[in-house]
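Worksheet: one structure, shown below.
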Amino acid sequence: MVKIATQLAQGTNGTDDDKTGAVVAPLYFSTAFRHPGLGQSTGYDYSRLETPTRELLEKQLAAIEHGTHALAVSSGMAAIDLVFSALTKTGDHFLSTDDLYGGSFRYFDERQANYKINYDKWNGINVDDLLLQIRPETKLVWIESPSNPTMKVIDIEGVAKAVHAIRPDILIAVDNTFLTPIYQNPLDLGADIVVHSATKYLGGHNDILAGAVIVKDDALFTTLTNQLTTTGQTLDPFPAWLLIRSLKTLAVRMAGHTKNAQYLAGKLPTLPGIDKVLYAGVGGMISFYLADNYNVDTFLRHLQVCSFAESLGGVESLITVPYIQTHHDMSVEDRLHLGITPQLIRFSVGLEDQDDLLSDITRAVAAAKE
Ligand SMILES: *Cc1c(COP(=O)(O)O)cnc(C)c1O
């Protein structure tokens with residue numbers, strides 16, 4: 001395969017060569033497809049099952065994540081739901097890293113309460129501790145790395161090796177939303193399933209809601225496809241096409257996010273009013289603690305370049321307060337235990353000029369002193 005930047009720029013082009021030679025792939029809206037005759041199909045029947053535009057996106061997602069198959073769905077939560085609704089049932093058990101996207105925990109708690117699909121959390125540090133929590137009915141291990149919002153890096157390869165050595169049947173699933181295939185290919189590290197909220201970096205412009213599941217096993221793909229056909233959380237052609245377009249710039253966007261985030265991760269700790277900065281070293285996600293005598297609300301109100309808004313991964317810098325937003329559904333005890341305090345700020349570093357970002361934060365922090 002060509003290198004990823006080439007695959008991103010060119011991998012979806014030229015599909016119309018036989019008809020028009022259009023460089024960029026066309027967008028097919030049709031929900032219905034004519035059959036040549038009884039028992040015959042062009043390969044497309046009805047758009048919940050597959051559309052040419054979604055299929056093209058799925059091929060690209062599979063290629064860049066080094067999988068064999070991908071399923072493009074209507075949101076990141078739909079991707080998570082697809083995995084659990086297809087692969088777990090009442091009485092099953094799974095394990096999860098303890099610092100995750102808040103909506104994933106809300107989903108896990110719902111599965112536990114309503115379907116008795118129980119789960120336990122692992123702190124992501126010692127793999128032996130994880131192995132001790134495996135039960136006969138354990139089906140899956142769920143990993144998000146780096147973790148959200150405290151940026152812990154999990155050894156995906158170590159987990160996959162250790163778990164598969166004693167239980168090859170347990171699936172390792174990785175939410176790769178934060179690093180994207182530019183920095184991490186979980187399937188190459190031994191994972192079985194990769195999930196994305198494509199709303200974030202893959203989409204990259206804060207204007208598409210989408211999700212993806214990528215696998216490398218045919219039987220797993222068939223199970224997921226049957227579930228998706230049944231539940232219908234597929235991605236509509238228009239956002240699929242926008243995502244195809246967005247992916248073309250993923251490599252250059254991720255490089256820009258990393259450059260800006262590395263710059264800020266170096267500068268922010270020197271600012272009065274910032275106690276500590278958390279950063280995984282690559283990617284665009286930074287968290288930091290405002291000192292106790294700095295008012296979070298005043299800080300947010302003084303931002304001019306960054307927006308106080310709840311998402312991440314776009315060209316526009318967004319800032320959130322996980323304690324009261326993305327992680328609000330976790331118990332106060334759990335939040336504080338993980339370091340998700342009311343003073344913790346999560347910063348999705350965008351592609352603005354790095355000095356404009358630094359002066360925005362500097363000014364807003366200074367204004368927030370009580
Ligand atoms: C946003 C997010 C999700 C959920 O995705 P949606 O597209 O909002 O449904 C899942 N995982 C991570 C890491 C996220 O950031």
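The values are calculated or read from the model by the stated rules, or taken from the named source; none is laboratory data. None of these values were measured; they are calculated from a predicted model. Methodologically, a virtual Cβ is constructed for each residue, glycine included, from the backbone with ideal geometry; neighbour enumeration extends over all protein chains shown. When the accessible area is computed, the model is the full protein with side chains, heavy atoms only, and any ligands, DNA or RNA have been set aside. Shrake-Rupley method; radii C 1.70, N 1.55, O 1.52, S 1.80 Å.
Here are the numbers for this structure:
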quantity: Output for region 131-162, where each listed residue is charged (D, E, K, R), more than 30 Å from residue 289 (Cβ to Cβ) and touching a residue at least 40 places away in the same chain (Cβ under 8 Å); calculated: 135, 137, 139
quantity: Scope region 218-247; condition in a loop (DSSP other than H, G, I, E, B) and surrounded by 23 or more Cβ atoms within 10 Å (Cβ to Cβ); matching residues; calculated: 235
quantity: Hits in region 308-340 (condition: more than 16 Å from the ligand (Cβ to nearest atom) and either in a strand (DSSP E or B) or open to solvent by less than 20 Å² (accessible area, probe 1.4 Å) (or both)); calculated: 308, 335, 339
